[in-house]
Amino acid sequence: MADNAKPKVGFYSFSGCEGDLLTIIHCEDELLDIFAAVDVRSFRLASSDVHNDEPLDIAFVEGSITTNHHAALIKGIRERSALVVALGACASFGGPQSARLGYDDWEKRFKKIYGDAKLTVARAFESQPIDEFIKVDCYIPGCPIDKHQFFFALTRLIKGMPVEFPSFPVCAECKWNENECLLLKGELCLGPVTAGGCNSRCPNYNLPCVGCWGPTKEANVASEINLLKERNFSETDIVNKLRLFGGAAMVRRFADLLGIEPQGPLKKVRSKKEDKHKPIVTAEVKKVAVPKGTKTKPKTKVNAKTGKKR
Ligand code: SF4
Ligand code: SF4
């Protein structure tokens, strides 16, 4: 980008409800400032004047990848963009459409809905977050995203500054807002394992958090499961709730908890070295319901003193 040129940005949408792009387009008070700060080359909801073959400084992408056509498009966006930003839960974790990612036979589920219909336009597969296909530089969480977090990220990215979002959980904001804890009232709240940043939007209205900001990096999922089980919630209810917005992120956490070796059918472009918090989704995670009591072959551990495998 030339020194005096405005950064070129594009906004793209895959499988999802377009709630993130709608959140941006609904920022009437700030929209002119956005268009003044950056050169928007593609934003289908805002303008039919799209340029989908140009190099970009930043590509903002919402939605999950569901077909081979999507996969080709997202790879093309990556190739011509200096930075790629995942917008919202679907792009970041797969979204609700990935709630059963790798859990059971996707083709059976697909057939239940579509029968033997042959899709001729594109080959569909189980919905996955965009980082299963490309490297992602920044994640803006939420379902949908929060406009203040979007402005924060946009402002810093166009100035070449790093973007960091809260690492504390929703519970911290909930306490600051002096809410009465819903867990203590017998509700299944995911606040303890969900990334903060929404200002505890749901508990503020007496509604339990369903985890739409995705898990915090340090989320102690095992502890949350045990805590909820102690409150007599069934494993099925707990895991279904964790998977609802957790998608791939939760599958990865379960794999971490079980110490499963990375392998499996899902295409992967990241190495474990790149992001220790995001191990690759594995075939064996198909068997995972909850971390405890699952019959899955653990990693071989080495005794630190003797060096022997155990
Ligand atoms: S209501 Fe939920 S978010 Fe608030 S403190 Fe309790 S568990 Fe945490
Ligand atoms: S409280 Fe939880 S479910 Fe509600 S907006 Fe925040 S992260 Fe999403």
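Read-outs throughout are calculated quantities, based only on the coordinates presented, and are distinct from any laboratory measurement. Model, not experiment: these values are computed from the prediction. Counting neighbours? That spans all protein chains shown, and the Cβs are built from the backbone with ideal geometry, glycine included.
Taking 0.36 nm per residue of sequence separation and removing the Cα-Cα distance, the E178/K118 pair yields an extension gain of 16.2 nm. Note on region 8-158: lysine pairs with Cα distance below 30 Å, sequence gap of 8 or more or different chains, count 10. In summary, region 21-60 shows an alpha-carbon radius of gyration equal to 1.16 times the 2.2 N^0.38 Å reference for compact globular proteins. A simple count of charges around G115, restricted to other residues whose Cβ falls under 14 Å of its Cβ and scoring Lys, Arg +1 and Asp, Glu -1, yields +3.
This ranking places Y114, Y139 by how few other beta-carbon atoms lie within 10 Å of each, fewest first, which gives Y114, Y139.
Cα gyration tensor of region 8-158, axes a ≥ b ≥ c as square roots of the eigenvalues: rounded (a/c below 1.5), prolate (a/b > b/c) or oblate? Prolate, since a/c reaches 1.5 and a/b exceeds b/c. Just check region 177-234 against the gyration tensor rule for me: Cα atoms, a ≥ b ≥ c as the square roots of the eigenvalues, rounded for a/c under 1.5, and otherwise prolate or oblate depending on whether a/b exceeds b/c. Oblate, since a/c reaches 1.5 and b/c is not below a/b. Charge tally for E173 (other residues, Cβ to Cβ under 15 Å; Lys, Arg +1; Asp, Glu -1): -1. The antiparallel fraction among DSSP beta bridges confined to region 8-158 stands at about 20%.
Other residues within the sphere of radius under 11 Å centred on the Cβ of A195, judged by their own Cβ, net out at -1 (K and R +1, D and E -1).
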